[in-house]
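Working notes, beginning with the structure itself.
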Ligand code: NI
């Protein structure tokens, strides 16, 4: 069962779209710090992260990706884009033994989609923006997304699950793209 804890995104004003770090930026491998202050500043970061995620058509965004190294994740896996979910200091407290293959993408690795096997179902414990703890059972895309975003907070990008051969090929491809975009 999916229990989505929603916030009212209309509550937030003057949001900003933040630049998203792109792999292989070394800052993506920073380990994020726990959030300890549940204040206006946190609300502001969350609002900006939602704005950034929706603008980029993502289903999830970790603060790490916008160069904010605090344990904050925003997610919306709904088709209608109307179920914003915030996870502060999220932790996976249970996971299924069964794994499932899912083709993943990431706003920090544009145009790359690779299959990753992860536990099919997870239970997450997190806090909301006021610091209240809650638990959420996740399956399907939500389970994939939660695990992918928590990896970001631990400095891990999904392409690091690939074989060295595939990862090196990908890095070379990205380097080539970057050279081309600089010279054009
Ligand atoms: Ni990602």
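The values are calculated or read from the model by the stated rules, or taken from the named source; none is laboratory data. Note that this is a predicted model, so its numbers are computed, not measured. Glycine gets a Cβ as well: all are built from the backbone with ideal geometry, and neighbour counts include every protein chain shown.
Remarks
- Here residue 171 fulfils each of the conditions (1) more than 21 Å from residue 38 (Cβ to Cβ); (2) within 16 Å of the ligand (Cβ to nearest atom); (3) part of a helix (DSSP H, G or I) apart from (2).
- Among residues of the stretch 42-69 that are over 21 Å from residue 144 (Cα atoms) and without any contact (Cβ under 8 Å) to a residue 24 or more places away in the chain, none has a Cβ under 7 angstrom from a residue that is within 11 Å of the ligand (Cβ to nearest atom) and in a helix (DSSP H, G or I) at a sequence gap of 6+ or on a separate chain.
- Boolean, residue 100 is surrounded by 12 or more Cβ atoms within 10 Å (Cβ to Cβ), touching a strand residue (DSSP E or B) at 6+ places or on another chain (Cβ under 9 Å) and assigned to a helix (DSSP H, G or I): no
- Residue selected from the stretch 75-93 under the condition without any contact (Cβ under 8 Å) to a residue 60 or more places away in the chain and under 17 Å from residue 47 (Cβ atoms), by the criterion nearest to the chain's Cα centre (by Cα): 76
- Exactly one residue out of 74, 86 is under 17 Å from residue 125 (Cα atoms), in contact with a strand residue (DSSP E or B) (Cβ under 7 Å, 6 or more places away or on another chain) and within 14 Å of the ligand (Cβ to nearest atom), and it is 74.
- Restricting 62, 56 to those that are within 14 Å of the ligand (Cβ to nearest atom) and out of contact with any helix residue (DSSP H, G or I) (no Cβ under 7 Å at 6 or more places or on another chain) reduces the list to 56.
- Residues of the stretch 105-114 classified as in contact with a strand residue (DSSP E or B) (Cβ under 6 Å, 6 or more places away or on another chain) and either away from the ligand (no atom under 16 Å from the Cβ) or at pLDDT 95 or above (or both), total: 1
- In the stretch 142-166, the qualifying residues are those that are surrounded by fewer than 16 Cβ atoms within 10 Å (Cβ to Cβ) and more than 25 Å from residue 34 (Cα to Cα), and the one that is farthest from the ligand (Cβ to nearest atom) is 165.
- Of the residues 120, 98, 135, the single one that is away from the ligand (no atom under 13 Å from the Cβ), closer than 30 Å to residue 41 by Cα, modelled with pLDDT of 95 or more and over 16 Å from the mean Cα position of the chain (by Cα) is 135.
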